[in-house]
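Inspection log for the structure reproduced underneath, given as structure tokens.
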Amino acid sequence: MEQRILKFTNWFLFTSLFTAFCATGLCMSTERLVSGSIPAFINPLHLLIFGATLAVYNTHILVKKPTPERAELYAWTLHNKYWLYFFLAAGATMCIASLFFMPTGVIVACVVMGLFAFGYSLPLLPFKKVKRMRDIGIVKILVLAGVWTTVTTILPVLYLHKRISSYPYEFFIRLIFISILCIAFDVRDIAADSRANVNTVPVLLGVKKSYKVMNIGIVLFILLGSVQYLRIFHVEQFVGIFITALVTKWVLDYVRDHPTDRAYMGLVDGLMLLFAALALLH
């Protein structure tokens, strides 16, 4: 029984299905704020975001070179690569099908975000020495945090035909939150990035100072949540942000001592699902 649970967990995490649910959950939390009601789980926007996450992340795993630090993931991938191709194709199909139901603004944003998302992993840059965005240290986190924040905050606002300027705090709250998680993943990848001369935040500052940066980010996350509360007086949403901040602190400390692929992909990514669930349930 335990072996079956482990096998399913690996499949659920390493095919990026869990990440796709996290992205969709964050999108739904924005819709909850904007519309005042919990959105239906199945709609064209969620199909787009779920499919795009599957397509982008499975592409990333397929093209990324194996490293000793990611042995757990790549050992699984070696014997299950067909699942990655299947979900890549399924995700691409979802994206194409959903675009027929999208407003023009969402389609334009998707094209731009798609270029950044695939340019992160694929050699699309027109430079001789640097072909991928992830190979440029500071650009790596800007692209990841920017795409995740835009997709899960701006796209829902555009989809609901609302003004982006009406929700500035939600954008920056999400940006800080996602940036914290991105730095955590860069801490995991510090050895590989250092070997490849990719100057991420942890490579430049070291692990100890990177954790200080993440702790400062958690404080800013709570402060912006407080400002958001004073603006809209949703006490449940502020409580959700505060709980998310506390759990984030615990998870970051845990993965520092247990830096496995399952811990990062399940717990660090899982913080997004926690944030979304608390926002949806308030």
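The values are calculated or read from the model by the stated rules, or taken from the named source; none is laboratory data. Bear in mind the structure is a predicted one, so any value in this text is a computation, not a measurement. Please note: Cβ atoms are built from the backbone with ideal geometry, for glycine as well, and neighbour counts cover all protein chains shown.
Can you find, within region 238-263, the residue that is surrounded by the most Cβ atoms within 10 Å (Cβ to Cβ) among those that are at pLDDT below 95 and not hydrophobic (A, V, I, L, M, F, W, C)? So, considering only residues that are at pLDDT below 95 and not hydrophobic (A, V, I, L, M, F, W, C), the one surrounded by the most Cβ atoms within 10 Å (Cβ to Cβ) is 240.
Scanning region 114-139 for residues that are in a helix (DSSP H, G or I) and under 21 Å from residue 91 (Cα atoms) gives 114, 115, 116, 117, 118, 119, 120, 121.
Can you pull out the helices (runs of 4 or more DSSP H) entirely within region 140-216 that have at least 3 residues that are touching a residue at least 24 places away in the same chain (Cβ under 8 Å) and closer than 28 Å to residue 51 by Cα? Reasoning before the result, please.
Working: elements: 155-159, 168-188, 190-195, 201-205.
Hits in region 140-216: 155-159, 168-188.
A single entry from 55, 92 fulfils the requirement of being part of a helix (DSSP H, G or I), over 22 Å from residue 272 (Cα atoms) and free of Cβ contacts under 8 Å to residues at least 60 places away in the same chain: 92. Could you tell me whether any residue of region 17-36 is of a type in the set (Gly, Ala, Ser), without any contact (Cβ under 8 Å) to a residue 24 or more places away in the chain and surrounded by fewer than 19 Cβ atoms within 10 Å (Cβ to Cβ)? Among the residues of region 17-36, at least one is of a type in the set (Gly, Ala, Ser), without any contact (Cβ under 8 Å) to a residue 24 or more places away in the chain and surrounded by fewer than 19 Cβ atoms within 10 Å (Cβ to Cβ), which makes the answer yes.
Do we have any residue at all in region 218-240 that's closer than 30 Å to residue 73 by Cα, in a helix (DSSP H, G or I) and in contact with a helix residue (DSSP H, G or I) (Cβ under 6 Å, 6 or more places away or on another chain)?
Initially, region 218-240 is screened for residues closer than 30 Å to residue 73 by Cα, giving 218.
Cutting the leftovers down to in a helix (DSSP H, G or I) gives us 218.
Now drop any that are not in contact with a helix residue (DSSP H, G or I) (Cβ under 6 Å, 6 or more places away or on another chain), which leaves 218.
Yes, region 218-240 contains a residue that is closer than 30 Å to residue 73 by Cα, in a helix (DSSP H, G or I) and in contact with a helix residue (DSSP H, G or I) (Cβ under 6 Å, 6 or more places away or on another chain).
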